[in-house]
Amino acid sequence: MPLLNDHCHLTRNDNGVAQLTICNAGPLNILNSPAIADLRNGLETLAADDSIRALIIAGSGEKSMIGGADIKEMARLDQASAETFITGLRDLCEAARHFPAPVIARLRGWCLGGGLEFAAACDLRIAAQDAQFAMPEVKVGIPSVIHAALLPRLIGWGRARWLILTAATIDAPTALNWGLVDQVVPVDDLDAAIADVAAAIAACGPDTMRSQKALLRQWEELPLTESVDLSIEAFGRAFLSGEPQRHMQAFLDRRK
C-alpha cells in the first residue's frame with residue numbers, strides 16, 4: 001500500500017517503523033485544503049494499524065517537510081471560510097498529536113507557520129543542519145494560532161513570544177539550543193539518525209510505548225497531582241499485556 005491517497009505515500013520496514021511522505025503538494029509541500037484533508041485521513045487510517053510502532057513524517061524532496069499553509073488559498077478567505085480552513089489544520093495537527101505510536105518529524109530546509117505547528121504536534125523532531133524555522137504569520141496579516149500554543153511548552157514563554165511576535169527565522173543549532181528540536185545532524189546523516197531513533201522506539205513493547213505516549217499527552221493538560229495519580233492505573237494496566245514480564249525476564253536473563 002505505497003500510496004494511501006493523493007498526498008500520502010507510505011513505506012514500511014519489517015520492524016514496525018512506517019514513513020508517511022507528503023507528496024503532490026509542490027516543492028515546499030505547502031498545505032492547502034485538499035492536502036490537509038488527505039494528510040489527516042492518512043494519519044487516521046494508519047492510527048488503526050496496531051503493527052505500526054513508530055511513524056516518521058517526511059516531505060517529498062529536500063526543501064521542507066511542510067513549508068507552511070497555502071497563502072494563495074488563504075488570501076481568498078472570509079471569516080467563515082477562514083475558520084473552516086484553520087479547523088482543518090487543527091484537526092490534522094491533532095491527528096499527529098494523538099497518533100497512538102510515537103511520531104517523528106523529519107525536518108529539512110524550511111519549516112514555517114503551519115508546518116512548524118504540525119512539527120510541534122509530533123513527538124520528536126530531528127532536523128538536518130540546513131533546517132530553518134519561523135512563525136511568519138504576523139507578516140501576512142494573521143495571528144499564529146492553533147498548535148502555536150504548544151510552543152511555550154516547548155521553548156518557554158520568552159522564546160515563544162520572540163518567535164511569534166518578531167516573525168524571526170532561526171537556524172537548526174538555535175532551534176536545538178531552544179529545545180524546539182531534539183537532535184540536529186548533518187544533512188547526509190539525517191535518515192540514518194532518524195532510523196536509529198525509530199528502531200530504538202520499535203524495540204520497546206508496543207503496548208507500553210502507546211501507553212507512555214498517551215500519558216505524556218495527558219500530562220500536558222492535567223495538574224501535577226492528577227498526572228501522578230493517573231499514572232498508577234496505567235502502571236497496573238501495563239502488566240495485563242505481558243510486556244513487563246517478558247522484558248524484565250529478558251533483562252534478568254542477560255545478567256546471569
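The values are calculated or read from the model by the stated rules, or taken from the named source; none is laboratory data. Small disclaimer: the values here were computed from a predicted structure and weren't measured. Note that each Cβ is placed from the backbone with ideal geometry, even for glycine, and that neighbours are counted across all protein chains shown.
Below is a table of values for the structure above.
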item	result
Residue tally, condition farther than 30 Å from Pro152 by Cα and of a type in the set (Asp, Glu), over segment 217-256	2
So Ala238, is it farther than 25 Å from Gly61 by Cα and in contact (Cβ under 8 Å) with a residue 24 or more places away in the chain	yes
Only listed residue being touching a Leu at 6+ places or on another chain (Cβ under 9 Å) and acidic (Asp, Glu), chosen from Asp171, Asp189, Asp182	Asp182
Residue that is touching a helix residue (DSSP H, G or I) at 6+ places or on another chain (Cβ under 8 Å), surrounded by 20 or more Cβ atoms within 10 Å (Cβ to Cβ) and in a strand (DSSP E or B), where the choices are Leu4, Leu10, Leu20	Leu20
Filter pass, Ala172 being within 30 Å of Val138 (Cα to Cα) and touching a Pro at 6+ places or on another chain (Cβ under 6 Å)	no
Flag for Phe85 being out of contact with any Ser or Thr (no Cβ under 6 Å at 6 or more places or on another chain), in contact (Cβ under 8 Å) with a residue 40 or more places away in the chain and either assigned to a helix (DSSP H, G or I) or surrounded by fewer than 21 Cβ atoms within 10 Å (Cβ to Cβ) (or both)	yes
Given (1) of a type in the set (A, V, I, L, M); (2) surrounded by fewer than 22 Cβ atoms within 10 Å (Cβ to Cβ); (3) farther than 19 Å from Ala37 by Cβ, number of the condition Ala127 does not satisfy	(2)
Test: residue in segment 29-40 that is part of a loop (DSSP other than H, G, I, E, B) and surrounded by 23 or more Cβ atoms within 10 Å (Cβ to Cβ)	yes
Filter result (surrounded by 11 or more Cβ atoms within 10 Å (Cβ to Cβ) and under 14 Å from Ser211 (Cβ atoms)) within segment 228-256	Leu230, Ser231, Ala234, Phe235, Arg237, Ala238, Ser241, Gly242, Glu243, Pro244, His247
Test: Ala96 is in the same structural domain as His9 (by TED's automatic domain parsing), surrounded by 23 or more Cβ atoms within 10 Å (Cβ to Cβ) and either under 12 Å from the mean Cα position of the chain (by Cα) or closer than 21 Å to Leu216 by Cβ (or both)	yes
Test result for Pro143, more than 25 Å from Ser60 (Cβ to Cβ) and of a type outside the set (Phe, Trp, Tyr)	yes
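Yes or no, residue by residue, for (1) in the same structural domain as Asn13 (by TED's automatic domain parsing); (2) touching a strand residue (DSSP E or B) at 6+ places or on another chain (Cβ under 6 Å):
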{"position": "Gly141", "(1), (2)": "yes, no"}
{"position": "Pro152", "(1), (2)": "yes, no"}
{"position": "Gly158", "(1), (2)": "yes, no"}
{"position": "Thr169", "(1), (2)": "yes, yes"}
{"position": "Asn177", "(1), (2)": "yes, no"}
{"position": "Val185", "(1), (2)": "yes, no"}
{"position": "Ala195", "(1), (2)": "yes, no"}
{"position": "Gln212", "(1), (2)": "no, no"}
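Condition check ((1) in a strand (DSSP E or B); (2) touching a helix residue (DSSP H, G or I) at 6+ places or on another chain (Cβ under 7 Å); (3) surrounded by fewer than 17 Cβ atoms within 10 Å (Cβ to Cβ)) across all residues:
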| site | (1), (2), (3) |
| --- | --- |
| Leu116 | no, no, no |
| Lys139 | no, no, yes |
| Pro152 | no, yes, yes |
| Arg159 | no, yes, no |
| Leu163 | no, yes, no |
| Ala175 | no, no, no |
| Leu180 | no, yes, no |
| Val184 | yes, yes, no |
